[in-house]
Amino acid sequence: MKTRATVICAHEGHILFVRKVRSKWALPGGKVEPGERPVGAAERELHEETGLKVDGLLYLQELKTSDTEHHVFEASVINLADARPCNEIIDCRWHPYTAVDDLDTTNATRHIVKAFLRRL
């Protein structure tokens, strides 16, 4: 089973989504490397994919799908206005909370976002 750190960046009713070439919209995040803690992977992946720097991370949940264990964090970020696509990411956009059902995304991403929104 793969282990992934997933990050929710929320600001003024919007959540930051990223997209790779020929991929669906996703939350920033990625593989937890051997010897790395999920919290460290979350911070690293967010910075690598969007250029954002974390001021703090709050652990929200663990979600197991058929082949992936997602560790989900909410990020407090110090440079929100600097969000941009980096590395393999071709697009990086703030979508309104209500847009998740209309986005081309995975069931896991939709489930994570809806769980996040229920706690607001």
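The values are calculated or read from the model by the stated rules, or taken from the named source; none is laboratory data. In this text, all values refer to a predicted model and were calculated from it rather than measured experimentally. Because the Cβ atoms are built from the backbone with ideal geometry, glycine has one as well, and the counts that use them run over all protein chains shown. Accessible surface areas use protein heavy atoms only, side chains included; no ligands, DNA or RNA. Shrake-Rupley method; radii C 1.70, N 1.55, O 1.52, S 1.80 Å.
All of A5, A99 fail the test of being open to solvent by less than 30 Å² (accessible area, probe 1.4 Å) and over 14 Å from the mean Cα position of the chain (by Cα), apart from A99.
One residue is enough: does region 68-78 have a residue meeting the conditions more than 18 Å from V32 (Cβ to Cβ) and charged (D, E, K, R)? No, region 68-78 contains no residue that is more than 18 Å from V32 (Cβ to Cβ) and charged (D, E, K, R).
Scan region 44-59 for residues that are open to solvent by 40 Å² or more (accessible area, probe 1.4 Å), part of a strand (DSSP E or B) and touching a His at 6+ places or on another chain (Cβ under 9 Å) and the total you get is 1.
Evaluation of T65 against the conditions (1) modelled with pLDDT under 95; (2) surrounded by fewer than 14 Cβ atoms within 10 Å (Cβ to Cβ) shows that the sole unmet condition is (2). Look at region 34-59: where a residue is within 11 Å of A75 (Cβ to Cβ) and a partner is open to solvent by 30 Å² or more (accessible area, probe 1.4 Å) and among the hydroxyl-bearing types (S, T, Y), sitting 6+ places away or on another chain with Cβ atoms under 8 Å, you get V39/Y59; V54/S76; D55/S76; G56/S76; L57/S76; L58/S76.
Filtering region 73-85 down to residues that are within 21 Å of D104 (Cα to Cα) and in contact (Cβ under 8 Å) with a residue 60 or more places away in the chain, which residue is surrounded by the most Cβ atoms within 10 Å (Cβ to Cβ)?
In the first step, residues of region 73-85 are kept if they are within 21 Å of D104 (Cα to Cα); the result is 83-85.
When the remaining residues are screened for being in contact (Cβ under 8 Å) with a residue 60 or more places away in the chain, the result is 83, 85.
Values: A83: 21, P85: 16.
That would be A83.
Out of all the residues in region 52-65, is one or more touching a Cys at 6+ places or on another chain (Cβ under 9 Å) and closer than 20 Å to H11 by Cα? Scanning region 52-65 turns up at least one residue that is touching a Cys at 6+ places or on another chain (Cβ under 9 Å) and closer than 20 Å to H11 by Cα. Taking the criterion of being outside any strand (DSSP E or B) and under 16 Å from L103 (Cα atoms), the residues of region 14-43 that qualify are V21, R22, S23, K24, L27, P28. Among the conditions (1) outside any loop (DSSP other than H, G, I, E, B); (2) among the aliphatic types (A, V, I, L, M); (3) open to solvent by 20 Å² or more (accessible area, probe 1.4 Å), L120 misses just one, which is (1). Among the criteria (1) open to solvent by less than 30 Å² (accessible area, probe 1.4 Å); (2) more than 17 Å from I15 (Cβ to Cβ), the one H70 does not fulfil is (2).
In the set (1) of a type in the set (G, A, S); (2) modelled with pLDDT of 95 or more; (3) closer than 24 Å to E48 by Cβ, A115 fails one condition alone, (3). Within region 60-72, the only residue that satisfies the criterion of being among the β-branched types (V, I, T) and assigned to a loop (DSSP other than H, G, I, E, B) is T65. Considering only residues in region 10-43 that are under 18 Å from I90 (Cα atoms) and basic (K, R), the one that is least open to solvent (accessible area, probe 1.4 Å) turns out to be R19.
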